[in-house]
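What follows is calculated from the coordinates using simple rules that are stated; it is not laboratory data. Just so you know, these numbers come straight off a predicted model, no measurement behind them. A quick note on method: Cβ atoms are made from the backbone with ideal geometry, for glycine too, and the neighbour counts reach across all protein chains shown.
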Amino acid sequence: MADDIFRLGTRGSPLALVQAGMVRDALMAAHGWAPDAGGVEIVVIRTTGDRVQDRALAEIGGKALWTKELDRALLAGEVDACVHSMKDVETIRPEAIAIAAMLERADVRDRLIGADSIAALREGAVVGTSSPRRAAQLGRLRPDVQTVLFRGNVDTRLGKLAVGEVDATLLAAAGLDRLGRHDTGVAIAFDQMLPAPAQGAVGIETLADGPARELVAAIDHVDTHCAVMVERALLAALAADCHSPVAALARVEGDGVFLRAQLLTERGDESVEGELRGDDTVGAALARDLLARAPAAVRRLFAG
């Protein structure tokens, strides 16, 4: 901390700033920091992912586009911690950086905006999404539907929908709710669209060694942290990347974890899914089971 101010790095999108504000408020409450006594400063760091909006992430560097500038600022000591949407954080992180805490997870479902349901989409509808998972799941449910690349923050995407660039789009319920858009879209049931690993979770990273890690750990929601790390372990065991359509959701049940997951081809014409209960090794175990049962067209997208 510099001059008794805890510096919190974040992207500059409206949603990122809301999430950084949530972390700031949680830190100040946990430690009794008063605004007039220094408190927390939010430091906006522009990322490559924010600057490049006309291409899919997988084409220009993957999830690192959301994290590399924040990582640099953290490693250089320019900030004390960084706030991330956990679904945007690469599975393999630098050893010098630790995921110190996660806030309690919000609604993990996707929402469809532009139609009352997936079944209600018109024949041959065009749906905007930047997610290979959502595109594949839509293709599985509605092979007639077309998907087109849709990048940008929430307001940008909703603006494109409003002017008729597409018939519908899909966005995370958690992000919409955090922006006050509680009535925007229709939530999609898990049996239709299992969410992305770590969807709905806000994570805070610090240096692995240093006082900030302990300060941030005070706001950790243990069950969320455990569930998200199991989902990330599944991704690691699959060697999944931004091209890989994968869905997963874990929840803590008593002393164990229940994990569901689904792997798909790009258009969703072939898929494999499964579930498993166990300890914190369940992610890797379910990944092995899915790969063993997956059609060849699915398996080629995973495990390197």
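By count of other Cβ within 10 Å, fewest leading, how are K68, K87 ordered?
Fewest to most other Cβ atoms nearby, the residues stand as K68, K87.
About the Cα centre of the chain, how large is the charge dipole given +1 on each Lys and Arg Cβ and -1 on each Asp and Glu Cβ? Please answer in debye to the nearest 20. Spell out each step's value before the answer.
Values: 34 positive and 44 negative charges, 194 e Å.
Dipole about the Cα centre, nearest 20: 940 debye.
Return the sequence-ordered ³J(HN,Hα) values of the range 155-170 in whole Hz as given by the Karplus equation 6.51 cos²θ - 1.76 cosθ + 1.60 applied to θ = phi - 60°, using x for Gly and Pro.
5, 4, 5, 5, x, 4, 5, 4, 8, x, 5, 9, 7, 7, 8, 10
Could you give the spread of the C-alpha atoms of the chain along their three principal axes, from largest to smallest, in whole angstroms?
59, 46, 35
Choose one of T67, A16, L170: the residue whose Cα lies farthest towards the positive end of the charge dipole of the chain (beta-carbon charges +1 Lys, Arg; -1 Asp, Glu; about the Cα centre).
L170
To the nearest 0.05, how large is the calculated FRET efficiency for D4 and E123 if R₀ is 45 Å and r is the Cβ-Cβ distance?
Working: r = 61 Å, r/R0 = 1.37.
The formula returns an efficiency of 0.15 here.
Please sort by residue number the GluC sites (Glu not before Pro) in the range 83-151 whose DSSP state is loop and whose Cβ has at most 14 other Cβ atoms within 10 Å.
Answer in residue order: E95, E123.
What are the residues whose amide H is under 5 Å from the amide H of T47, where those residues sit 5 or more places off or on another chain and H is modelled from the backbone?
Residues meeting the amide H criterion: G12.
Could you work out the pair-distance distribution P(r) of the range 225-304 from its alpha-carbon pairs, with 10 angstrom bin width and percents rounded to whole numbers?
21, 54, 21, 3
Tell me the angle of helix 132-141 to the major Cα principal axis of the chain, expressed in degrees between 0 and 90 and rounded to the nearest ten.
Once rounded, the angle reads 30 degrees.
Determine, from the Cβ-Cβ distance of A76 and V252 and an R0 of 35 Å, the FRET efficiency 1/(1 + (r/R0)^6), rounded to the nearest 0.05.
Values: r = 36 Å, r/R0 = 1.02.
Efficiency computed from Cβ-Cβ geometry: 0.45.
With a 10 Å cut-off between alpha carbons and a GNM built on the chain, which of A96, A240, A294 moves the most?
With Cα springs under 10 Å in the chain, the top fluctuation among A96, A240, A294 is at A96.
Can you give the local net charge around V257? Use residues other than it whose beta-carbon is closer than 12 angstrom to its beta-carbon, Lys and Arg +1, Asp and Glu -1.
Working: positive: R251, R260, R277; negative: D223, E231, E253, D255, E275, D279, D280.
Combined, the nearby Lys, Arg, Asp and Glu give -4.
Residue separation times 0.36 nm, minus the C-alpha to C-alpha distance between V222 and A285: what's the value? Can you show the working numbers first?
Working: separation 63, 0.36 × 63 = 22.68 nm, distance 2.18 nm.
Value of the extension gain: 20.5 nm.
Let me understand the range 110-187 better: what is its radius of gyration from the alpha carbons, and its Dmax, in angstrom?
11.5, 33
Could you check the spin-label model distance between R293 and A34? Points 7 Å from the Cα along Cα→Cβ, value in nm.
Output for this residue pair reads 5.9 nm.
Looking only at the chain, where both bridge partners belong to it, what percent of the DSSP beta bridges are antiparallel (to the nearest 5)?
Antiparallel bridges: around 75 percent, rounded to the nearest 5.
Have a look at A30, A237, A135 and tell me which one the Gaussian network model of the chain (Cα, springs below 10 Å) gives the largest fluctuation.
Result: A30 has the largest fluctuation of those listed.
If I model a spin label at E273 and V18 as a point 7 Å from the Cα along the Cα→Cβ vector, what separation in nanometres do I get?
2.8 nm
Considering only C-alpha atoms, what is the centroid distance from the range 254-304 to the range 178-237, in Å?
19 Å
Does anyone have the angle between helix 282-293 and the longest principal axis of the chain? Alpha-carbon axes, 0 to 90°, nearest 10?
So the inclination is approximately 20 degrees.
Please list, in order along the range 187-203, the HN-Hα scalar couplings obtained from phi with the Karplus expression 6.51 cos²θ - 1.76 cosθ + 1.60 (θ = phi - 60°), rounded to whole Hz, x for Gly and Pro.
Listing the rounded values in order: 5, 9, 5, 4, 6, 9, 9, 5, x, 5, x, 6, 4, x, 10, 9, x Hz.
For the range 157-304, report the % of Cα-Cα distances exceeding 19 Å.
61 percent
Once label points are set 7 Å from the Cα along Cα→Cβ at both D209 and D144, what is their separation, rounded to one decimal in nm?
6.2 nm
Around T147, which amide H atoms from residues at least 5 apart in sequence, or from another chain, sit under 5 Å from its own amide H, with H modelled in the peptide plane?
Result for T147 returns V127.
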